[in-house]
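Colleague: Provided herewith is a single structure, encoded as structure tokens, for subsequent inquiry.
Bear in mind that the values in this text are calculations on the coordinates, not laboratory data. Everything numeric here is computed off the predicted structure, so don't read it as measured data. Here the Cβ positions follow ideal geometry from the backbone for every residue, glycine too, while neighbour counts run over all protein chains shown.
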Amino acid sequence: MLSVAEAQHIVLQHAQPLPAEETPLTSAALGLALAEDIVSDLDMPPYDKALMDGYALRSADLPDGHGVLTVIEEITAGRTPQQPIGPGQAARIMTGAPLPIGADAVVMVERTRMEAEKLVAVEDKPPKPGQNILCRGREMRRGEAILTAGAVLRPQEFGLLATVGRTAVMVHPAPRVAVLTTGDEVVEVGEVPGPGQIRNSNGPMLSTQIARAGGVARYLGIARDRPDSLRTHIMEGLRSPVLVLSGGVSAGKLDLVPGVLQDLGVTAHFHKVEMKPGKPVFFGTHDKALVFGLPGNPVSSMACFELFVRPALRRLMGHADPGPIWLHATLAEDFAYRTDRPTYHPARLATTDRGWEVRPVPWFGSSDLRGLTQANAFVLFPVGDHQHKAGQLFPVLTMES
Ligand code: AMP
Ligand code: MG
């Protein structure tokens, strides 16, 4: 059977960044990746700029740091200096304001005092040329590439793009993901389940996992465990670049999803992965569309989404690092565990003064959603019958970043 790492590799081989589109830089673009290099349209700062409130002066006038200078003007942010600084002169200057010609240093206002109107006494160390000044173009030069394709748009990128006047950019768009629930026993959330029925908890869970991963979910409803019902719904789902199915991929008599997918021309790349929960997971492609068949048990569904679907969505979005995000954490308490497949156990990850710590949450198996509400991660336990000890390190799959 395929390992999780091998299965992830296969998924990522088939996931290519979606064709670039132009998007306005509204918050809907947060988390998207650039599909173009961004070039600055100006020097930043646009002039030699004071980094402190104080006095712009000529360092040569104060060889030992002390002296009295004539204040010839006051330069606030947004104003341009009117006169050059001559020998024995200074200008009062505010943070961010342009430096006057002739000045080569700024002395902090705290190191000065007014002697008389227009006379300032400086009592400081000898000023160094360039002190408290940011030279024009030091951060970036006009024509310089300041962001490259693949950069993910976070608030600081929005700030930088605003600095260079961009209101729209080319990005890889958020993937549209069709969500199809299957199962004769599944009813919509607003209904009261009859005998043998359960509510569709996977639909809302998958839709919000998709949103959290940066995708746009499109819910297609519930297909019944009959070839005709599955076929109609799946054909609709294959119009999206990604189709996520819930249920119908195990070995039961009515697990018809893989067969119907193949009838509809979906190429199967794997069906079963060495993991618990989630072993029956299916992955295939239809032209460029990615098709995931996740097991119906809610915890299996959630784990398989984080391990396989989320990295695929990030790759479609052009992220260089598709994840998932693993870290190593020490076990908070002794934990005896026996399993015959590598197991992704719901867990609570926390930072402590000893670093990352992980605590498995009480869990009654792959249908136990209640246990999942206590969890923010999965801790990976190895095959075998083990008495895991507090303080041992384990890989942890984080979900909430
Ligand atoms: P399946 O993968 O279709 O064999 O389903 C496995 C288990 O998950 C069964 O007990 C189903 O009742 C349950 N299940 C299937 N689909 C859903 C769903 N949409 N929401 C909650 N549980 C489900
Ligand atoms: Mg089913």
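Colleague: Which distance in Å, rounded to a whole number, links the C-alpha centroids of the stretch 162-215 and the stretch 82-151?
Modeller: Measuring centre to centre over Cα atoms gives 54 Å.
Colleague: If you don't mind, there's one more thing I want to ask. Quick one: which residues, 5+ away or cross-chain, put their amide H under 5 Å from the amide H of Asp368? H built at 1.01 Å from N.
Modeller: Amide H neighbours of Asp368: Val299.
Colleague: Check Ala377: other-chain or 5+ apart residues with amide H under 5 Å from its amide H, H built from backbone geometry?
Modeller: Sorted by chain and number, the residues that satisfy this are Ala347, Leu349.
Colleague: Can you compute the charge dipole magnitude of the chain about its Cα centre, using +1 on each Lys and Arg Cβ and -1 on each Asp and Glu Cβ, nothing else charged? Give it in debye, rounded to the nearest 20.
Modeller: 600
Colleague: Using the alpha-carbon atoms, what tilt in degrees (0 to 90, nearest 10) does helix 227-237 show relative to the longest principal axis of the chain?
Modeller: Between helix and principal axis, roughly 10 degrees.
Colleague: First obtain the Kirkwood hydrodynamic radius of the stretch 78-176 from its Cα pairs, then insert it into the Stokes-Einstein equation at 10 °C and 1.306 mPa s, and state the resulting D in µm² per second as a whole number.
Modeller: 91
Colleague: To continue, here is another question. For Cα pairs less than 8 Å apart in space and 6+ apart in sequence, what is the mean separation divided by the residue count of the chain, i.e. the relative contact order in percent?
Modeller: Relative contact order comes out at 16 percent.
Colleague: Something else about it: Return the single residue from Ala303, Ala168, Ala213 with maximal mean-square fluctuation; model: Gaussian network over the chain, springs between Cα atoms under 10 Å.
Modeller: Sorting by GNM fluctuation, first place goes to Ala168.
Colleague: Still on this structure, I have one more. Kindly work out what percent of the DSSP beta bridges joining two residues of the chain are antiparallel, to the nearest 5.
Modeller: 70
Colleague: What size of dipole, in debye to the nearest 20, comes out for the stretch 97-200 about its Cα centre when the only charges are +1 on Lys and Arg C-beta atoms and -1 on Asp and Glu C-beta atoms?
Modeller: 660
Colleague: Compute the long axis of helix 202-213 from its Cα atoms, compare it with the longest principal axis of the Cα atoms of the chain, and write down the angle in degrees, 0 to 90, nearest 10.
Modeller: With rounding to tens, the tilt is 30 degrees.
Colleague: May I ask which residue of Val266, Ala151, His388 lies farthest towards the positive end of the charge dipole of the chain, with charges of +1 (Lys, Arg) and -1 (Asp, Glu) on Cβ and the Cα centre as origin?
Modeller: Val266
Colleague: Could you tell me how many degrees, from 0 to 90 and to the nearest 10, lie between the Cα long axis of helix 4-13 and the main elongation axis, the longest principal axis, of the Cα atoms of the chain?
Modeller: 70
Colleague: Using θ = phi - 60° and the Karplus form 6.51 cos²θ - 1.76 cosθ + 1.60, what ³J(HN,Hα) does each residue of the stretch 170-184 get, whole Hz, x for Gly and Pro?
Modeller: 8, 9, 7, x, 5, x, 7, 10, 7, 10, 10, 8, 10, x, 5
Colleague: Inverting the mean 1/r over all pairs of different Cα atoms, compute the Kirkwood radius of the stretch 146-251 and quote it in Å.
Modeller: Computed over the stretch 146-251, the radius equals 16.3 Å.
Colleague: Counting pairs of alpha carbon atoms under 8 Å apart in space and at least six apart in sequence, what relative contact order in percent does the stretch 13-121 give?
Modeller: With pairs under 8 Å counted, the relative contact order is 30 percent.
Colleague: Shifting gears a bit: Using the Cα centre as the reference, give the magnitude of the dipole from point charges on the C-beta atoms of the stretch 216-375 (Lys, Arg: +1; Asp, Glu: -1; all else neutral), rounded to the nearest 20 debye.
Modeller: About 220 debye.
Colleague: Report, ordered by chain and residue number, the lysines lying within cross-link reach of Lys118, taken as a straight Cα distance under 25 Å and ignoring same-chain residues fewer than 8 apart.
Modeller: Excluding near neighbours in sequence, the set is Lys49, Lys128.
Colleague: What area, in nm² and to one decimal, does the C-alpha convex hull of the chain cast on average over all directions?
Modeller: 27.2
Colleague: Run through the stretch 316-383 and list the chymotrypsin sites (Phe, Trp or Tyr not before Pro) located in a DSSP loop whose Cβ has at most 10 other Cβ atoms within 10 Å.
Modeller: Listed in order of number, the matching sites are Phe364.
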